[in-house]
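Quick note: the coordinates plus some simple rules give every number you see, no bench work behind them. Since we're looking at a predicted model, the values are computed, not measured. No Cβ is skipped: glycine too gets one built from the backbone with ideal geometry, and neighbour counts run over all protein chains shown.
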Amino acid sequence: MKRTSFWYIYLSFCMVLAYSMLISACNSSENLTESVPEEPKDEKMEVSIITRTSEEEPASTLQAGLYMVNYHNGQSDDLLEQNNYVNNQMLTWMDNVWMTAAPIYWNDMITPADFYAYAPYQDEVPNARAMIFSIQTDQTKQEDFSKSDLMWGTVSGQNPSSVSFDLFLTHQLSQLTVTISAGTGFDEDELRAEDVQVSIGGTRTTATVDLQTGVVSVLNSLPAEDIKCMNKGDLSYAAILLPQQVPFANLIQVYWKGNKYTLQNSFTLEAKKQYSLTVNLKKSKSGFDIGIVGWDIIGEDFGGVVGGN
């Protein structure tokens, strides 16, 4: 009887021990499974375009359109008319930073990309290789003068990085500044006392813009129009014009005391150039005469850049 009890107790102990070892092994297996880290997720890096103001302070409301084209097999691709990787994404200049309407991400961590930007922004651009752009015919207000000021810029072969990069915008059109001088029978105080207005005549106002190259091509098939200039003060008036060959016409029109005085001439306006013209207004036996004192042609981009680190 004692022998039977011994083996019964021994067998019971072994069963309990085996059960305990089995439970322990299961727990260890469960702990091991829980400690396995999750596979890393494919996270894309955001494109950061941050610049500061340069010599020219851009308007706080300036908006630009952005295009992004990825490289393929180590080669850059052309900007498409539509359906680019980033297509006419709106940027807004705020606190010295280009803010995007929505996050823009690199395609991956190794693929370079080309960037193209323009301003002012247009909601609809059916063809990025031939964007329609028109200057304002009435530029007497600063807002409309700025709407006419087409700017464009590009960055080529930019490698993916979390560090921000510079995107410069340069002026692509022409600017003409007309200064009225007092000739015989006039003095400047007399001219300033009246509301002198100046218009530029005989110019085309609509063009196409290739957003890959920034080239502006005027549409000569459309009729020429007069452009009202903005008063810059001190008898100085300015207008943004499309690059073009202006035929012989009433190029400068001065309005003073209800009278209109015209100066006929022809001229070639080149892209990215500023022109200054002094017009002499004088009295004569036949009434009033208007003539050119001289042109001042500046061969450099008249406005510099917007942005820069």
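Packing, as the average of other Cβ atoms within 10 Å across residues, places the peptides 264-271, 239-246 in the order 239-246, 264-271, highest first.
With an 8 Å Cα cut-off and a minimum separation of 6 or more residues, compute the relative contact order for the stretch 151-275 in percent.
Numbers: 243 pairs, mean separation 37.4, N = 125.
Averaging sequence separation for qualifying contacts and normalising by length gives 30 percent for the stretch 151-275.
A full extension of the chain between ASP187 and SER161 corresponds to an added length of 3.2 nm, given 0.36 nm per residue minus the alpha carbon distance.
Between the listed residues ILE180, ILE132, LEU191, the Cα displaced farthest toward the positive end of the dipole of the stretch 101-204, a dipole computed from Cβ unit charges relative to the Cα centre, is found at ILE132. As a length-normalised measure over Cα pairs under 8 Å and 6 or more apart, the relative contact order of the stretch 72-142 settles at 39 percent. If a paramagnetic tag sat 7 Å from the Cα of SER134 along the Cα-Cβ line, which residues of the stretch 225-239 would have the backbone N under 20 Å from that point? Correct set: 225-230, 239. Quickly work out the VAL97-to-SER266 label distance, labels modelled 7 Å from Cα along the C-beta direction, and quote it in nm with one decimal. That separation, rounded to one decimal, is 5.3 nm. Spin-label model, LEU80 to ALA249: label points 7 Å out along the Cα-to-beta-carbon direction sit 3.9 nm apart.
Applying 1/(1 + (r/R0)^6) with R0 = 41 Å to the Cβ-Cβ distance of LYS147 and HIS72 gives a FRET efficiency near 0.65.
Once a ≥ b ≥ c are taken as the square roots of the eigenvalues of the Cα gyration tensor of the stretch 79-146, is the result rounded (a/c under 1.5), prolate (a/b larger than b/c) or oblate (a/b not larger than b/c)? Oblate.
In the stretch 188-256, which GluC sites (Glu not before Pro) are in a loop and have at most 13 other Cβ atoms within 10 Å, using DSSP for the loop call?
On the way: sites: GLU188, GLU190, GLU194, GLU225; in loops: GLU194.
Passing sites in the stretch 188-256 are GLU194.
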